[in-house]
Structure formats: structure tokens, C-alpha cells
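Following: one structure in C-alpha cells, then a few remarks.
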Amino acid sequence: MLKCNTVCKRFAPLVRASSTVCRQNVRRAGLNNVRTPTCVPVARMSTEPLGGGGDNLKYALLVGAAFVGSLTYAVVTLKGDHQRSVKRMEDISTRLQKSTLHIQSAPPALSKPKPEAAPSAEQSSPPPEAAAPDAETTGKPSADSTSPSHKLPSHTPYLLIGGGTASFAAARSIRARDPGAKVLIVTDEPDLPYMRPPLSKELWFSDDPSVTETLRFKQWNGKERSIYFQPPSFYINPEDLDSAENGGVAVLTSKKVVHMDVRGNKVKLDDDTEISYDKCLIATGGIPRSLQVLERSGEEVMKRTTLFRKIEDFKSLDKVSRSVNSITIIGGGFLGSELACALGRKSTESGLEVVQMFPEKGNMGKVLPEYLSNWTTEKVKKEGVKIISEALVKSVACKDDKLEIQLKDGRLVRTDHIVAAVGLEPNVDLAKSAGLEVDSDFGGYRVNAELQARSNIWVAGDAACFYDIRLGRRRVEHHDHAVVSGRLAGENMTGASKPYWHQSMFWSDLGPDVGYEAIGIVDSSLPTVGVFAKATAKDTPKAATEKSGTGIRSESETEDTATSPVASATPAPAVEHKDDYGKGVIFYLRDKVVVGIILWNVFNRMPIARKIIKDGEEHADLNEVAKLFNIHED
Amino acid sequence: MSSVREEGKDKIIFVTKEDHEIPSSADLIEEDPDDPYEEKGLILPNGEINWNCPCLGGMASGPCGTEFKDAFSCFHYSKEEVKGSDCLEQFGVMQECLQKYPEIYPQEDDSSSSQTSQDSAPAEPPSPNRAPGNEQDSETTTPNKESSEES
């Protein structure tokens, strides 16, 4: 309004001027009627800026027009938005449909091999017609479903958290004892259950260049098999679990259990799905320990470091071993030594430098008595490994694309890649939400002798700190223990109430000369008694191991190393047996009772060893006990 | 003669074959057959079948577990003169199931597998019981080394 006023006032003099001109023109022209009306409004406007009937009308029209305009704009915009939102909803629902279709179409390849599993081309399960005895290898089910799992069972009678050896053994046990049992395995790995030992042993000795894809290896009996326990056709689809008439084992991959509600008997996954259960097994294993020194050293160092445990670690280390000049393994235990030997053997062909460093004096320093650890270290050196013992890492840096490992005693090691094999950190992530006790001495979930943590919850495998009736509370990180404890947990989940009784064993092969089986508590800090056979010509390591078919060796390789300096004659008394521990048995004692036994290059005697530990007797003369093993025979 | 050496807390004994020919004087505790904790064989003390026995090679826990249990139970409790001759139907159903999963239950003998199972049913559990058993249930990779699977 004000604006109008000012505008009009400014124009007013102009208008007045024009109006007088107009009048003058009219007089001159003499045509009053014609010209006058045009001038008149001008004159009027000059004297009265607003007001007057006509002006009001115009104003009303203007405002009206503006109102209508804005209304129209609003309607149009809203309509447009609505259309957009409708379209968006459609988009979302079609995407949802697509992904559920995807889930539906892909899994038929997993369950009974129906012909219409064609759309699941990306699944690697072979067509049912390929009825070769070799098991399916890659075992990747519909792992890439990112949509919310509204088709997954909301309840399962048996829930197994973790998809490793213990879990699989438990699943087997449950299925055997509970007819028609429905078992759901939830694992955060993308793979179906597989066995771990070949990842650091047999797979490295395969001659097949595609071994990282097939993951198949040759067993002691010459037969090939996959590291996967069973091909995908063994399992059923999680979505079909509820309706399966005879039950089955379903594996839900790439899903992590993040929360456990013990009172409500249910768990929550990382995609917010909730699954309730009747009985639950926690078999979450662990993750490889890292060294603080490595963590602190920055990304460039961590990029060149492998923490070895899973299939993907094997694949990446295999790749690395083909492309670098030097690999250093930190850690002198089972995993470190096995990997060192495996890489050491490869190094003869490729010229790869393999270094192994550890704080102990010799390989397996925490397991084997010192004399045997030293002997083993020499053997590992013969496999082509550069051993740096009594090595404590102070710092690691990356310089000019090479890693520099500075040891506390001043030594410097330059290498291209590091493999850390310094132990396992048991995975107890669920302890907090589930209210489960964690053991402070051994780590892991604390369970009783029947492997039970709380009502309806059992723990097995690497993550279980259990009470062993014979040997006391312990936590065991071996494959056979995972099998034994998994089986036992499965039995107890189906009502057995049996304690941990059947002692698990473990084994290791470190090249052609060193192969042993062990049982019980095998800790080098305990007093030991070792009984060894005096060496004869027949007892060359090659002969012993070939006969027993253990381990991994090719003919050509054993030729050289087999001829170790052994005496020839059999019953020759004063035989030089210095440092030659060809075969024997080592007893580990705690308060004069045998709590652990190692069978050194002596095989098929585990039942006797198991019996001795079970008896838990004090034996006056362990040589007498050693006689039971008949170590001189093959 | 054996020689003994001590290195700190560790004792090392070298023995010849003759040294060990004299029978051992070590005492082992006699096994209790009724020990409830011990791993049982195929048949439990109460006469029932131990489905979790490693000797079954996982047949009772696989996809055809139910069919296998039906057939084998029938066989086990069969009182016929030719044991299991009244179980042919169950064995047939099981065989059908096994054939659906050739990856898991490889048929050693492709041509006459159904024939042989029919024939051998009265006498013993059919062949697929043995062959895939060692293969598939060897959760340890070196069965030559004694493991819990084989006890």
C-alpha cells in the first residue's frame, strides 16, 4: 500500500504535466468528444492514488488473482509430491519382491536338487546329475540376501551360534538322537561348516593349482575330499526349516548374533531379526590374536599382515606367497610352525624366504620339553625355514614398501609380509547380553562338566572353558576337541547329561621327520619322562611315517631328509643315540600322575594313551608304562 | 640296556627292543562295562541302537536319517529267520532317499546298488552304510591317527 502511494506520488507531477498537455491538445484539435475521455482518467489518477470504485475493483482482482495463483501452485506441488511418493513406494516394494524372489529361487539349489533351480545360476552347487563321489566344494548358499528376513523361522527348537567344527558335530549329534530335529546354525562367515586343519597343512601340499578354489586335499589314504564337512545338498534352506517333515540342518550364513535374551530364550541378529529357541549352543570359536606392536604400527604394516584362521586368510596368504620375496611368521606354536613348514617347502621351488620368529628357545617351546623342542627346531630349519628364536618384537615399521621388524635385542628383520600366529582370542561377545560367566584364567565362557552355561545354553569348541573331571578346568583349542565337545553338547541338548569324559586328542605334522599325536595336558612346564626307542636302520623317519601314512610328503623330498644319521645294527648296545629322537612316548606328570602323553612318531596307539590318562594312577616306573605302547613295532 | 639321562626336570630314557620285551608290570584299571560315561558302541547296554555311534558314519543324521533309522531299527528288531526280510519296504524307501543325494551318499556300485541292497538286507546293513561313512564322517582329516570318530 505504501509502495503504491510513493509510486503514485512520484508519477503524479508527470501525470499532471501530461494531462495539461493533453488538455491543450484537445483545445487545439477541437475534437472534444474524442480526446477528452482518454485524458480524464489520467488526470484523475494524478490527484487520487488509491481509492475510488475502479481502483478497489482492480485491487480486489489483483489479490484474487494472487490467491488463486498460490492455491494452484500448492495443489500442483502436493500432487507432484504425492506422485513421487507413490512411485517411491512402488520402487521399494518391487525391490523387496525382487530380493525375496531372489532368495526363493536361489536356495532350491541347496535343498533337494530340483531341476528348476536354474535361475540360481550364481550358486555353485553342481547339477544333481553330476553324481561323482567328490563332494561339493564351494558351498556358498544365498549369502547375499540383504533384505529383512521375514521368511526366516522366528523359532527354532535347536539354535547353534557359530558354524564351525563344534557346531557341525553338535548338529550331527542332535539329528542322530532326536528324530526329525530341526537345527538352525547361524554363522557370520559366508561359508558352510568346514574343517580347519588342512588350511595350514594339506592344502599347502596340493599339486592342484586351483586348490584355493576347490579347497580339496588328499587324505592319508589317498582319497581326495573337500574341507567342507558336507556339500550344500546336505543342508536345508532356513526358510524351509519349519515345514521340513523330517527336520534337517539349516545354515544361515553371513549373519551375526549380536544380542542374547536368556530369560526370553531368544537372540537378535545384526539385521534385527529375532529368533527364539528351545535349546541353544554357543560355538563361536575365536579370532586370531594380534600383537599390540602390530596394531600400533599403522595401516601400512597391517595391510601387509595376515592373521591366519579362515578360508579367506588361506586364499590371501597363498596369493601373497606367490608374489613376495620374504614372509615372516611371528609365533612358534602349532599354527606358526605348521605354516612355516608349509611355506618352507614351497620356498624350495619359488625362492621365497621364510622366516619364523618367536620368544621361546625352540619350536613348540610351550608344548615340548626343551630337548625335543630343540630337535624339532633343527628339523624345521631343514624344511627351509630361517628360525629366529628368543625374539621379542619391539616395533614394526613400513619403509620403502618393506617391513622392518625391530627386535628388543637389537636385531632387525626386513621382510615383505607378516603372518601373526600368536594365539586365539575366544569370542565371548554374547557374555554381556546373555549374562554368562567368562573365565578369567583361560578365557572363554565358563561351563560345567556337561558343557552347560545356563539352562538351555551350552558352549562347545574353542570358546568353552569347561570342567574336565579328570584333568580339571581347561580350555582346549584343537580340532578333535571341537568334535568331541560338539558331539557331547549335542547329546546333552537332547537330554543325555553326560560329562566331558572321552579325552580328545590332537596331532601335528612338521615335515617328513616330525609327526606326533598327543592327548591330555601337554605343557612343557610340567616334568616329563620320555622313553625313546634306540634307533635302528629300520627306524628312519621316512619308513615310520610312510608305513603309518601320516602327514604329507612326496617321494623325492623324503629321499634326502630320510637318511638321518642313525645307527645300522638293530640290537647293537652302545649305539650313538645322541639327539636322535626317532620315535617314542613322552609322559607329562602332575603330582606324579600322568596327565598328558605325546606319541612321537608312533601311531595307532591312542586308545592306550587315553586309558592311562583316564585311570589317573600313580605309576612308579614309567618305563613299564611305556612298554604298553610297543614302540619298537610299527 | 636302556640308558637314562636327566635334563633338568625332564627325564630321557632310551630303550632297546629287548628292554621292552619283558612284559609290562604297569597296572591298568579294569574297564567297567556299565560305566555310563563311556562312549558306547553301536548297541547300548539296554539293547537299543546308539544312533550317535561314529560307526554309523553319520547315516542317522543326514538328510535320509529318518529313513535310515526306520530301516535299520526294523532290521535290528527283526525276529525273522532271515533277519530283516520283513523290512524290505523300509530299505526300499531308504534306498530311494539315498539316490536323491548322490553327493552325500555316493553309490560305490552304480549298476546294481538297489539289487545288492535288496539282497544283502537280510544279511547285513546295506553297503552305503560303510563306504560313505569313512569318507563323510571323518571330521578329522587323518583317520589313521586315532580320533574320537573311530573309537
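So the values come out like this:
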read-out: Selected residue (criterion: modelled with the lowest pLDDT) from residues of the stretch A:583-613 that are surrounded by fewer than 20 Cβ atoms within 10 Å (Cβ to Cβ) and at the interface with chain B (Cβ under 9 Å from one of its Cβ atoms); value: A:604
read-out: Strands (runs of 3 or more DSSP E) contained in the stretch A:256-343 and holding at least 3 residues within 16 Å of the chain's Cα centre (by Cα); value: A:286-288
read-out: Hey, residue A:245 assigned to a loop (DSSP other than H, G, I, E, B), of a type in the set (D, E, K, R) and either outside the structural domain of residue A:346 (by the TED database) or surrounded by fewer than 22 Cβ atoms within 10 Å (Cβ to Cβ) (or both) or not; value: yes
read-out: Residue among B:39, B:21, B:30, B:80 that is of a type in the set (D, E, K, R) and farther than 30 Å from residue A:598 by Cβ; value: B:80
read-out: Filtered residue count, the stretch A:582-626, keeping only those that are in contact with a Pro (Cβ under 7 Å, 6 or more places away or on another chain) and either farther than 25 Å from residue A:379 by Cβ or of a type in the set (S, T, N, Q) (or both); value: 2
read-out: Selection count where residues are assigned to a loop (DSSP other than H, G, I, E, B) and of a type in the set (D, E, K, R), scope the stretch A:483-510; value: 1
read-out: Residue within the stretch A:308-317 that is out of contact with any Phe, Trp or Tyr (no Cβ under 6 Å at 6 or more places or on another chain) and over 30 Å from residue A:413 (Cβ atoms) present; value: no
read-out: Tally of residues being under 24 Å from residue A:288 (Cβ atoms), without any contact (Cβ under 8 Å) to a residue 40 or more places away in the chain and in a loop (DSSP other than H, G, I, E, B) across the stretch A:451-480; value: 2
read-out: Count of residues meeting criterion [without any contact (Cβ under 8 Å) to a residue 60 or more places away in the chain, small (Gly, Ala, Ser) and touching a helix residue (DSSP H, G or I) at 6+ places or on another chain (Cβ under 7 Å)] in the stretch A:481-511; value: 1
read-out: Any pair with Cβ under 9 angstrom, 6 or more apart, that starts in the stretch B:6-34 at a residue that is at the interface with chain A (Cβ under 7 Å from one of its Cβ atoms) and surrounded by 11 or more Cβ atoms within 10 Å (Cβ to Cβ) and ends at one that is basic (Lys, Arg) and part of a loop (DSSP other than H, G, I, E, B); value: B:14/A:534; B:15/A:534; B:16/A:534; B:17/A:534
read-out: Count of residues meeting criterion [within 17 Å of residue A:519 (Cβ to Cβ) and part of a helix (DSSP H, G or I)] in the stretch A:610-634; value: 9
read-out: Residue within the stretch A:274-283 that is surrounded by fewer than 17 Cβ atoms within 10 Å (Cβ to Cβ) and of a type in the set (Ser, Thr, Tyr) present; value: yes
read-out: The stretch A:506-528: number of residues that are surrounded by fewer than 24 Cβ atoms within 10 Å (Cβ to Cβ) and at the interface with chain B (Cβ under 7 Å from one of its Cβ atoms); value: 1
read-out: Residue A:377 more than 14 Å from every other protein chain (Cβ to nearest Cβ), crowded, with 20+ Cβ neighbours inside 10 Å and either of a type in the set (Phe, Trp, Tyr) or part of a loop (DSSP other than H, G, I, E, B) (or both); value: no
read-out: Contacts under 7 angstrom Cβ, first residue in the stretch A:187-203 being at the interface with chain B (Cβ under 10 Å from one of its Cβ atoms), partner of a type in the set (Lys, Arg), 6 or more apart; value: A:202/A:218
read-out: Whichever residue in the stretch A:380-392 is in contact with a strand residue (DSSP E or B) (Cβ under 7 Å, 6 or more places away or on another chain) and surrounded by 23 or more Cβ atoms within 10 Å (Cβ to Cβ) and, among such residues, is modelled with the lowest pLDDT; value: A:380
read-out: Residue ID - farthest from residue A:596 (Cα to Cα), chosen from residues in the stretch A:344-367 that are surrounded by 24 or more Cβ atoms within 10 Å (Cβ to Cβ) and touching a helix residue (DSSP H, G or I) at 6+ places or on another chain (Cβ under 6 Å); value: A:354
read-out: Matching entry among A:187, A:212 (being in contact with a Ser or Thr (Cβ under 7 Å, 6 or more places away or on another chain) and of a type in the set (S, T, N, Q)); value: A:187
read-out: Per-region count, the stretch B:46-67, residues more than 10 Å from chain A (Cβ to nearest Cβ) and either crowded, with 24+ Cβ neighbours inside 10 Å or part of a helix (DSSP H, G or I) (or both); value: 1
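The values are calculated or read from the model by the stated rules, or taken from the named source; none is laboratory data. All of these numbers come straight from a predicted model, not from anything done at the bench. In this analysis, Cβ positions are derived from the backbone assuming ideal geometry, glycine residues included, and neighbour counts consider all displayed protein chains.
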